[in-house]
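Presented below is the structure to which this report refers.
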Amino acid sequence: MSSLRKSGLQKEVLNLYRRALRMVKTKPASKQHKFSLFVRYTFRTNASSVSPRNVSTIEHLLRKGKR
């Protein structure tokens, strides 16, 4: 892990990602792989399509992800 300090927004995104991966473990074992691929794909596509400086969009995606 990097030694740089993370902002509050970065911590929130990481917490949401961890929560999503933990939720995958509650799914049937035969479907867990597909759920984890979906979580990774969703986070990566949003990370590549949204500028790190676009705080309002990131906050919107966080609220959407928490639902």
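The values are calculated or read from the model by the stated rules, or taken from the named source; none is laboratory data. On a predicted model such as this, the values are computed, not experimentally measured, just so you know. Ideal geometry is used to build each Cβ from the backbone, glycine not excepted, and the neighbour counts take in all protein chains shown.
Of the residues making up region 28-54, those that are hydrophobic (A, V, I, L, M, F, W, C) and under 15 Å from the mean Cα position of the chain (by Cα) are PHE35, LEU37, PHE38, VAL39, PHE43, ALA47, VAL50. Among the residues of region 1-22, those identified as over 11 Å from the mean Cα position of the chain (by Cα) and surrounded by 12 or more Cβ atoms within 10 Å (Cβ to Cβ) are LYS6, LEU9. Close contacts from region 31-47, counting a first residue that is modelled with pLDDT of 95 or more and a second that is hydroxyl-bearing (Ser, Thr, Tyr) and in a helix (DSSP H, G or I), with Cβ to Cβ under 6 Å and a gap of 6+ residues or different chains, come to PHE43/TYR17.
Annotation note: Cβ proximity below 9 Å between a residue of region 5-24 that is over 20 Å from SER56 (Cβ atoms) and a residue that is small (Gly, Ala, Ser) and exposed (fewer than 13 other Cβ atoms within 10 Å of the Cβ) (sequence gap 6+ or interchain) occurs for no pair.
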